[in-house]
Structures are given as structure tokens and as C-alpha cells.
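One structure is given below, encoded as C-alpha cells.
The values are calculated or read from the model by the stated rules, or taken from the named source; none is laboratory data. Given the structure is predicted, the values throughout are model-derived calculations rather than measurements. We place every Cβ from the backbone using ideal geometry, glycine too, and count neighbours over all the protein chains shown. Calculation scope for accessible area: heavy atoms of the full protein, side chains included, ligands and nucleic acids excluded. Shrake-Rupley method; radii C 1.70, N 1.55, O 1.52, S 1.80 Å.
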Amino acid sequence: MKKKVLVDAIKDELETFRSHDVDEQILSRIKNADLKSEMIADKLNINDLHILQIIGTATNIRISDIADHVPLTQGAVSKIINKLSDDALILKKHRPTNKKDTYVELTDNGLKINDIHNHYHQKMDQQLIGFADEFSKDDLKVVDEFLKKINLIRNID
């Protein structure tokens, strides 16, 4: 097969990948979950889920720490935290010895949503490992390098 044909095939596959809205699949599963308020799920977006995930994997995490883990500004993180708090997905707390820093933790609904999100990614990871077995180590190195270069394209101004 000619190189141009292969590049066109890769472009087609990448377009299919980009158009496959993973965010909507996760959010759809959350909407179908047994939450106390279905309206909560309608307000969520993928950034909200990532913030919940960070909170769910940490103990004693401060709002200021969360911005270090996501490609969002401190202001954007603060807005998301307030929204998640208003929707009763997280609790904001202060320590008796430290009134300046605000710590956050997941509520029961926040835990349920985070579990659905994590389960989805675990299932996807298992499938990736399964079909990666079909390729040699050298093949996977090529794919890795190729995807790294594709991600560099996204960073071009």
C-alpha cells in the first residue's frame, strides 16, 4: 500500500476517533445511574468529572491543589468546585487550625458519579490491553511515537 493511502487511512481513523464522543457516553451512563437527582447529571461536563476524579483519589485535598492536576486555571477550578458543591457532589470544609485553605471531599452522589467514570475508563483500558496483544513491541513503539507527534500538532498556535 502506498504511503499516501496509509496516511489518508490514518486521517480517516483519527477523524472517527475524534467524532466518537466518549464524554457523551460517560455522561449518558451517569444520567442512567440511580442518583437522588437526575438533574445533576444533566449539568455535568468532562471537566467536572475530572475534578471529581482528582478529589476521589486524594485525601485532604485543597482546592488550590486541584489546579495542579488539570489543564485549567485556578479560577476555572474554583468555579467548577462551587458548581459541584451547589449540586451536592462535593463538600467544602475548613480545618479548625486552618481557616484559609478549603478542603474538599466527595458526597455519596459524587462517589457514585466518580465510580461510573472510573469504571468506564477501566473497561476501556482493559480493551486496549487486549487488542495491543495483537501487535509487536516494535509496532506499539511506532504507534506511541506517532500519537505523540499527533498530540504536538494540537499544540500549534
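A few notes on this one:
For (1) among the polar types (S, T, N, Q); (2) part of a helix (DSSP H, G or I); (3) touching a Phe, Trp or Tyr at 6+ places or on another chain (Cβ under 7 Å), each residue gets a yes or a no:
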{"site": "78", "(1), (2), (3)": "yes, yes, no"}
{"site": "92", "(1), (2), (3)": "no, no, no"}
{"site": "105", "(1), (2), (3)": "no, no, no"}
{"site": "122", "(1), (2), (3)": "yes, yes, no"}
{"site": "144", "(1), (2), (3)": "no, yes, no"}
{"site": "152", "(1), (2), (3)": "no, yes, no"}
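- Counting the residues of region 57-74 that are open to solvent by 40 Å² or more (accessible area, probe 1.4 Å) and small (Gly, Ala, Ser) gives 1.
- Here residue 132 fulfils each of the conditions (1) more than 13 Å from residue 48 (Cβ to Cβ); (2) touching a helix residue (DSSP H, G or I) at 6+ places or on another chain (Cβ under 8 Å); (3) open to solvent by 30 Å² or more (accessible area, probe 1.4 Å) apart from (3).
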